[in-house]
1. Please determine, by comparing only the residues of region 4-44 that are outside any helix (DSSP H, G or I) and among the basic types (Lys, Arg), which one is nearest to residue 109 (Cα to Cα).
2. Could you tell me which residue of region 100-125 is modelled with the lowest pLDDT, considering only residues that are surrounded by 15 or more Cβ atoms within 10 Å (Cβ to Cβ) and under 18 Å from residue 43 (Cβ atoms)?
3. Pairs, please: C-beta under 9 Å, at least 6 apart or cross-chain, first residue modelled with pLDDT under 90 and in region 25-38, second among the basic types (Lys, Arg) and surrounded by fewer than 17 Cβ atoms within 10 Å (Cβ to Cβ)?
4. Considering only residues that are in contact with a strand residue (DSSP E or B) (Cβ under 6 Å, 6 or more places away or on another chain) and surrounded by fewer than 16 Cβ atoms within 10 Å (Cβ to Cβ), which ones fall in region 79-89?
5. Determine which member of the set 51, 77 is among the acidic types (Asp, Glu), in contact (Cβ under 8 Å) with a residue 12 or more places away in the chain and outside any helix (DSSP H, G or I).
Amino acid sequence: MRVTSNAVKRARQLRRKMTLPEVILWTALRGREPGKPTFRRQHPFGPYVLDFYCSRAKLCVEVDGGSHAFGDQPQRDSRRDALLRAHGITTVRVSATGVLDDATMIASSLIELARRRSAPSTTSWSPSPADAGEELGASATG
């Protein structure tokens, strides 16, 4: 999706003015350790800026403060989530107070979710040993 120049400017501003819960969560999510999914902070996507984004897992993490429950914000969040979903991106919303209470647990859960979503699929079909033997036997006699 094409990123708007306004979203890029806004993302830069938001990186400089992150909220306390965002800073705490970013501290736990950042880093390039082996096997750890890479998250970006304040990542522009179309007209939006995602609080945190893991591109490999197609996972958006939003830290929601109390204002997300009032006015037209729930509808705006719903429209945004639908647009992201249409692009194959899953949104996980965590409360700001939850981050303040236990950022380590939330970060660990998000990292594990990103790992699972990034892992190669193990649901592909493979023949059972009996099926494989039948196929080999048939081709060997043919």
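The values are calculated or read from the model by the stated rules, or taken from the named source; none is laboratory data. Keep in mind the model is a prediction, meaning the values are calculated, not measured. All Cβ positions, glycine included, derive from the backbone under ideal geometry; neighbour counts span all protein chains shown.
1. Here the answer is 36.
2. 118
3. Matching pairs, first to second residue: 35/115; 36/115.
4. Result: no residue meets the conditions.
5. The match here is 51.
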